[in-house]
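Engineer: Attaching a single structure in structure tokens format; questions to follow.
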Amino acid sequence: MTDATVENKPVRAEPVRRSKLQKLIQSTTFWRGVISIVTFLILWEIGSRFGELTGTGWELPFVGKIPPPSAVFVSFLEVIPNIGYWNSWLQSTKRVMSGFIAAMVLGIPFGLALAVNKYFRDIFFPPFEVLRPIPPLAWVPASLIFWPTNEMSIAFVTFLGAFFTIVINVIGGARSIDVRYLRAAQSMGASQWDLFSKIILPGTLPSIFIGAAVGMGITWEVVLAAEMISGGGTQGGGGLGFFIWNSYIGGSLEQVVVGMISIGIAGYLCSSAIRVLGTLCMPWRRLF
């Protein structure tokens, strides 16, 4: 009888473990993205070469003036071995990260102080709101006067690009916390530090990372414009903004597009890093 019981016991199948590459290949989201990019490139190639392909010589508006992706790819292959191109990546990344980290270090505590302290908010929020609408690029002439070097001026402008966005998101996240959580914790004897560390700060983290992702995008926009305006130095150390401007002056539209695509890749990598960091800092959000 005992043997029959053992034989009739259902055997549970072992879960099949898949590598990250297998999960990526089997993901419909991944293939939707691939198809959309390939479709975009095909339409771009056709639109750019419309006159050549149809034999009419007609040029489509806007897209007809842009070099086709096949020409951009050839230019990209020519640029890859150039050490100056990678130095441009390095310089722009250093400027973005210096301004972004400074904005995070100063913006998060400043935003939390504005959110939780009424007196601090009454004093500092009005001047903050007056300065916030000023575009970061409007600070470029002033920053060139304030700071002794172009490098510090560019870092200051990138800092401004992220600082206001981060502070606004921190304030919004902290003030959107349900006040009943705070009252419930206070009724159970929680101290001010407990309220801050166990309710306010965890509740504000999603807004902090959203503000960081938005601020990162703005810093890339600002640093390129600042490099174009200030010159940024030589092509090898001038950054991607100066690389694009120098390519435009040299009449190489293919390299201009290469620089633009490089910025997109850099911004995507930085935003992905912030999303990964946010997932690590907020493990409870993996449930949703």
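Engineer: Select, from Val96, Val105, the only residue that is open to solvent by less than 70 Å² (accessible area, probe 1.4 Å), β-branched (Val, Ile, Thr) and part of a helix (DSSP H, G or I).
Structural biologist: When all the criteria are applied, what remains is Val96.
Engineer: Among the numbered criteria (1) among the β-branched types (Val, Ile, Thr); (2) more than 21 Å from Leu106 (Cα to Cα); (3) part of a helix (DSSP H, G or I), which one does Thr204 miss?
Structural biologist: Failed condition: (2).
Engineer: Now for a separate question. Scan the range 132-151 for residues that are surrounded by 15 or more Cβ atoms within 10 Å (Cβ to Cβ) and either assigned to a helix (DSSP H, G or I) or among the small types (Gly, Ala, Ser) (or both) and jot them down.
Structural biologist: Applying the first criterion (surrounded by 15 or more Cβ atoms within 10 Å (Cβ to Cβ)) to the range 132-151 yields 136-137, 139-140, 143-144, 147, 150-151.
Pro136, Leu137, Trp139, Val140, Ser143, Leu144, Asn150, Glu151 - these are the residues of the range 132-151 that are surrounded by 15 or more Cβ atoms within 10 Å (Cβ to Cβ) and either assigned to a helix (DSSP H, G or I) or among the small types (Gly, Ala, Ser) (or both).
Engineer: In the range 238-264, how many residues are open to solvent by 10 Å² or more (accessible area, probe 1.4 Å), free of Cβ contacts under 8 Å to residues at least 40 places away in the same chain and more than 17 Å from the chain's Cα centre (by Cα)? Steps first, please.
Structural biologist: From the range 238-264, those open to solvent by 10 Å² or more (accessible area, probe 1.4 Å) are 242, 244-246, 248-257, 260-261, 263-264; that's our starting set.
With the extra rule that they be free of Cβ contacts under 8 Å to residues at least 40 places away in the same chain, the set shrinks to 244-246, 248-251, 256, 260, 264.
When the remaining residues are screened for being more than 17 Å from the chain's Cα centre (by Cα), the result is 244-246, 248-251, 256.
The total comes to 8.
Engineer: If you check every pair at least six apart or on different chains, which have Cβ atoms under 6 Å apart with a residue in the range 31-51 that is touching a residue at least 24 places away in the same chain (Cβ under 8 Å) first and a residue that is surrounded by 15 or more Cβ atoms within 10 Å (Cβ to Cβ) and not polar (S, T, N, Q) second?
Structural biologist: Close Cβ pairs satisfying both conditions: Leu41/Pro69; Trp44/Pro69; Glu45/Pro68; Glu45/Pro69.
Engineer: Considering (1) within 30 Å of Ser207 (Cα to Cα); (2) in a loop (DSSP other than H, G, I, E, B), say which one Trp58 fails and leave the rest.
Structural biologist: Of the numbered conditions (1) within 30 Å of Ser207 (Cα to Cα); (2) in a loop (DSSP other than H, G, I, E, B), the odd one out for Trp58 is (1).
Engineer: Now, a different point. Among the residues of the range 123-131, is any touching a residue at least 24 places away in the same chain (Cβ under 8 Å), surrounded by 14 or more Cβ atoms within 10 Å (Cβ to Cβ) and part of a helix (DSSP H, G or I)?
Structural biologist: Restricting attention to the range 123-131, the residues satisfying the condition of being touching a residue at least 24 places away in the same chain (Cβ under 8 Å) are 128, 131.
From what's left, surrounded by 14 or more Cβ atoms within 10 Å (Cβ to Cβ): 128.
Restricting the remaining residues to those that are part of a helix (DSSP H, G or I) gives 128.
Within the range 123-131, one or more residues are touching a residue at least 24 places away in the same chain (Cβ under 8 Å), surrounded by 14 or more Cβ atoms within 10 Å (Cβ to Cβ) and part of a helix (DSSP H, G or I).
Engineer: Right, something else. From Val72, Val38, Val34, grab the single residue that is within 27 Å of the chain's Cα centre (by Cα), hydrophobic (A, V, I, L, M, F, W, C), buried (at least 16 other Cβ atoms within 10 Å of the Cβ) and closer than 22 Å to Ile261 by Cβ. First the steps, then the outcome.
Structural biologist: Working: Val38 fails: buried (at least 16 other Cβ atoms within 10 Å of the Cβ); Val34 fails: buried (at least 16 other Cβ atoms within 10 Å of the Cβ).
Exactly one residue qualifies, and that residue is Val72.
Engineer: Just to verify a result, which residue in the range 183-237, among those that are open to solvent by less than 30 Å² (accessible area, probe 1.4 Å) and of a type in the set (Ser, Thr, Tyr), is modelled with the lowest pLDDT?
Structural biologist: Ser230
Engineer: Under 7 Å by Cβ, and 6 or more places apart or on different chains, what pairs join a residue from the range 154-172 that is under 20 Å from Val116 (Cβ atoms) and in contact (Cβ under 8 Å) with a residue 12 or more places away in the chain with one that is among the hydroxyl-bearing types (Ser, Thr, Tyr) and open to solvent by less than 30 Å² (accessible area, probe 1.4 Å)?
Structural biologist: Here the result reads Asn169/Ser207; Val170/Thr204; Val170/Ser207; Gly172/Ser207, each pair linking the range 154-172 to a residue that is among the hydroxyl-bearing types (Ser, Thr, Tyr) and open to solvent by less than 30 Å² (accessible area, probe 1.4 Å).
Engineer: With the structure loaded, tell me whether Ser88 is among the small types (Gly, Ala, Ser), under 25 Å from Gly264 (Cα atoms) and buried (at least 22 other Cβ atoms within 10 Å of the Cβ) or whether it fails that test. If you could, list the steps in order and put the result at the bottom.
Structural biologist: Values: among the small types (Gly, Ala, Ser): yes; under 25 Å from Gly264 (Cα atoms): yes; buried (at least 22 other Cβ atoms within 10 Å of the Cβ): yes.
Judged against the criteria, Ser88 is a match.
The values are calculated or read from the model by the stated rules, or taken from the named source; none is laboratory data. Given the structure is predicted, the values throughout are model-derived calculations rather than measurements. Don't worry about glycine lacking a Cβ; one is built from the backbone with ideal geometry, like all the others, and counts go over all protein chains shown. Calculation scope for accessible area: heavy atoms of the full protein, side chains included, ligands and nucleic acids excluded. Shrake-Rupley method; radii C 1.70, N 1.55, O 1.52, S 1.80 Å.
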